[in-house]
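This report concerns only the one structure given below.
Where a number appears in this text, it was derived from the coordinates with a stated rule and is not lab data. Since this is a predicted model, take the numbers as computed values, not measurements. A quick note on method: Cβ atoms are made from the backbone with ideal geometry, for glycine too, and the neighbour counts reach across all protein chains shown.
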Amino acid sequence: MRVILPNPRGFCAGVQMAVDVVEGVVAMFPDSQVYVYHEIVHNRHVVDRFRERNVTFVERIKDIPRGSVVVFSAHGIPPSVREEAKERGLPANDATCPLDTKVHSAPTRISRLGYEILLVGHADHQEIIGTRGEAPDATSVVETAEQVDSLQVRDENKLTYLTQTTLSTDDAAVIVNALRNRFPNLHEPSSSTICYATTNRQHAVRQIAPEVDVTLVVGSRNSSNSVRLTEIAAAAGSPGYLIDDASEIDHSWFPRGGDSSVLVTAGASAPEDLVAGVCKSLLNRYGGQLEQWDVMDENVEFRLPGSLRRIILDRGGDAPSNSVVIGPPSIDEQSYGAVPLTVSARSEPPKAI
Ligand code: SF4
């Protein structure tokens, strides 16, 4: 079997930062119960690993005892939740990804200019709930191109749009084009809000999926960007299957058994050790070779949030000057089942929608 790993894949800088925040809070408050509002990131293993370390995840602020330590998840929260936490005297540590924060802050600014916002995304996703909550009277969520014809707006000349950070760039383009057709004076945002990590992982799958028999995406079912990767693989020509870990591999997916070629990628919230486990499982069973295809470099850095840095300083620790940087994971035979052959597969990054 040929097992192909694309670069980039897996953890983005925002997810790594959110995980680091929970790690930091757990380390700073060893005797306290740490609460996280909503799943810190949409990955079952990440959440379960924190649960095993006595972190409690809640969906309602009122379930957190007064005075507890709380972390807000990577996807951001509406102002009403932030206010509720404040009223309850909860010192909050905000693990919201800076790119989500950027999308969250846009509706207030835009609505003050008198514009209405069409928010392209999934209405039940935390990021969309949080973003809409910033200016609910001026924001309408658009989930599909079919909904565009029935949209009611106040003034077609004072209208703009934003997109969820983790959408498929192809799907978003279809909806945005439908908006442009219906509202010719639609104001264009200064830049796309689909984030770099989503765009890059999708680009790598689009490039490699046509050359393989099957694509496996390591990620959880509630991870929007992971689900989009399976859809993109299928659209590019290889069936895409979403798995939480190696135990979910179904060997009937490989029609040519050990002669198959398999792309193994991961959503932005899936830890690399799970990717390694999938590669090792396939190579142990079928033999063959591991290839790492470098499609594009990622060098995005995020600083740890100020709230955590202040806690560390208050407790006499060293203020972390470090930024969160994600580089290509190092691969060893013991974890992955083989040492990889590296293939350069560089190509032009996709154009913004
Ligand atoms: Fe931030 Fe994008 Fe990662 Fe979401 S997928 S946490 S928006 S970098």
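Brief remarks on what is shown
- Fully extending the segment from Thr56 to Asp294 would add 81.9 nm, taking 0.36 nm per residue of separation and subtracting the current Cα-Cα distance.
- Computing FRET efficiency as 1/(1 + (r/R0)^6) for Asn157 and Arg346, where r is the C-beta to C-beta distance and R0 is 41 Å, gives about 0.45.
- Charge tally in the Cβ shell below 12 Å around Leu263, where Lys, Arg are +1 and Asp, Glu are -1, Leu263 excluded: +1
- Each other residue within a Cβ distance under 9 Å of Leu274 adds +1 if Lys or Arg and -1 if Asp or Glu, for a net charge of -4.
- Measuring against 29 Å, Cα to Cα, the residue pairs Lys86/Lys158; Lys102/Lys280; Lys102/Lys351 contain Lys86/Lys158; Lys102/Lys280 as the ones spanning a longer distance.
- 3J(HN,Hα) from dihedral phi, region 18-33, Karplus parametrisation 6.51/-1.76/1.60, rounded to Hz, x for glycine, proline: 4, 5, 4, 5, 5, 4, x, 5, 4, 5, 6, 10, x, 9, 10, 7
- Within-12-Å neighbourhood charge of Val148 [Cβ basis; K, R +1; D, E -1]: -1
- Rounded, prolate or oblate (a/c below 1.5 giving rounded, otherwise prolate when a/b exceeds b/c) for the chain by Cα gyration tensor: oblate
- Global form of region 99-182, assessed from the alpha-carbon gyration tensor, a/c cut-off 1.5: oblate
- In sequence order, region 112-126 has phi-based couplings of 5, 7, x, 8, 9, 10, 9, 9, 8, x, 9, 4, 8, 7, 3 Hz under the Karplus curve 6.51 cos²θ - 1.76 cosθ + 1.60, θ = phi - 60°, and Gly or Pro positions carry x.
- 3J(HN,Hα) along region 167-176, derived from phi through the Karplus expression 6.51 cos²θ - 1.76 cosθ + 1.60 where θ = phi - 60°, amounts to 6, 5, 4, 5, 5, 4, 4, 5, 5, 5 Hz, with x in place of Gly and Pro.
- For region 45-77 versus region 161-232, the inter-centroid distance based on Cα atoms is 29 Å.
- Computed over the chain, relative contact order equals 23 percent, with contacts defined as Cα pairs under 8 Å that lie 6+ residues apart.
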